[in-house]
């Protein structure tokens, strides 16, 4: 490519050679032009590789990966090069990005990859007919993925995985409630566990779309990092009759929180007015067996070591109650320094409660104890 040596640089991610814009490696905010690449999203892509590897090992249908918004194609190229995939199609409207992706494909001697230069929903709609769908569909836009939910679901074959990323964190975390309601159909509340609430809002919005289309979605894995939220859901061609949309009821006075199928205006502990988030997903957000399969795939892949540690936390919390607590918020309530996380979890279990760590927050923990019971255990742990 003309001037490619001046504008682009070869790097290795996983075990895949990638041509990326030089400025994306040096500037604080990766530029969109000449093509977009975010080096800080390496861990995001690593998780995708592990999640897709776990899926492909068990999936018996056609192994086809569709990437609707590829940039320079880092994720799609890694899928084609590092996983047992039959066909990869990466799509982007930026012709420069696609040219660079093609150069990278040549560097890796890839024969199982095609390229498309179309608007994302046009691309996905072209793959929405039976026999033309993807078993893995990936959507990673700037901002909200909500506009792509419909075409993304339609492009995912029965039993396949649809993965979407969101970077509009301020909207999802409650700074712009009106915008969140318009985009995702639910209202957030500003709370300590805002990242879990945000992911449940994303899943709730996606669940509304799948319900309208007459298909079922099952969350398999979710990921929360500083700059994005990502969800992985299985799509099944059957109607979902489970009650998995509801609300988070949060009391800003005493800190009590719970999920509920219905809105409840009064806190059941202190009897004061509650804040209500939703509608949102109130079901499980991790599939325990799928997370186990992801962990099993790690030795076969070249990924960041932090992924394994995170996945073990996900495994611990996979069947735990929704909505976590943090050491800091409890310590603040009783005006003391927080005890060690391991000690609190052990003390909760000794008192007959369930408890685990969470991948959402390094000082977070899940439990079926309510806020008053947790405070008493904190006090006895001092």
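Values as computed for the structure displayed
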item	result
Qualifying positions in segment 57-72 - in contact with a helix residue (DSSP H, G or I) (Cβ under 9 Å, 6 or more places away or on another chain) and either free of Cβ contacts under 8 Å to residues at least 12 places away in the same chain or closer than 21 Å to residue 307 by Cβ (or both)	57, 58, 65, 67
Yes/no for residue 80 being under 22 Å from residue 148 (Cβ atoms), in a helix (DSSP H, G or I) and either within 19 Å of the chain's Cα centre (by Cα) or free of Cβ contacts under 8 Å to residues at least 60 places away in the same chain (or both)	yes
Yes/no for residue 19 being within 24 Å of the chain's Cα centre (by Cα) and in the same structural domain as residue 153 (by TED's automatic domain parsing)	no
Residue match in segment 173-180 (condition: touching a strand residue (DSSP E or B) at 6+ places or on another chain (Cβ under 9 Å), modelled with pLDDT under 95 and not in a helix (DSSP H, G or I))	yes
Criterion: modelled with pLDDT under 95 and either buried (at least 18 other Cβ atoms within 10 Å of the Cβ) or under 20 Å from residue 205 (Cβ atoms) (or both) - qualifying residue of 262, 242	242
Residue 271 vs. criteria surrounded by fewer than 14 Cβ atoms within 10 Å (Cβ to Cβ) and either assigned by TED's automatic domain parsing to the domain that holds residue 365 or assigned to a helix (DSSP H, G or I) (or both)	no
Test for residue 347: is it assigned to a helix (DSSP H, G or I), surrounded by 17 or more Cβ atoms within 10 Å (Cβ to Cβ) and either in contact with a strand residue (DSSP E or B) (Cβ under 6 Å, 6 or more places away or on another chain) or not assigned by TED's automatic domain parsing to the domain that holds residue 225 (or both)	yes
Conditions (1) closer than 25 Å to residue 249 by Cα; (2) touching a residue at least 60 places away in the same chain (Cβ under 8 Å); (3) under 28 Å from the mean Cα position of the chain (by Cα); number of the one not met by residue 372	(3)
Candidates 105, 54, filtered to the one that is buried (at least 24 other Cβ atoms within 10 Å of the Cβ), over 20 Å from the mean Cα position of the chain (by Cα), at pLDDT 95 or above and not in a loop (DSSP other than H, G, I, E, B)	105
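The values are calculated or read from the model by the stated rules, or taken from the named source; none is laboratory data. The shown structure was predicted, so the numbers you read here are calculated from the model rather than taken from an experiment. Using ideal geometry, Cβ is built from the backbone for each residue, glycine included, and neighbour counts are taken over all protein chains shown.
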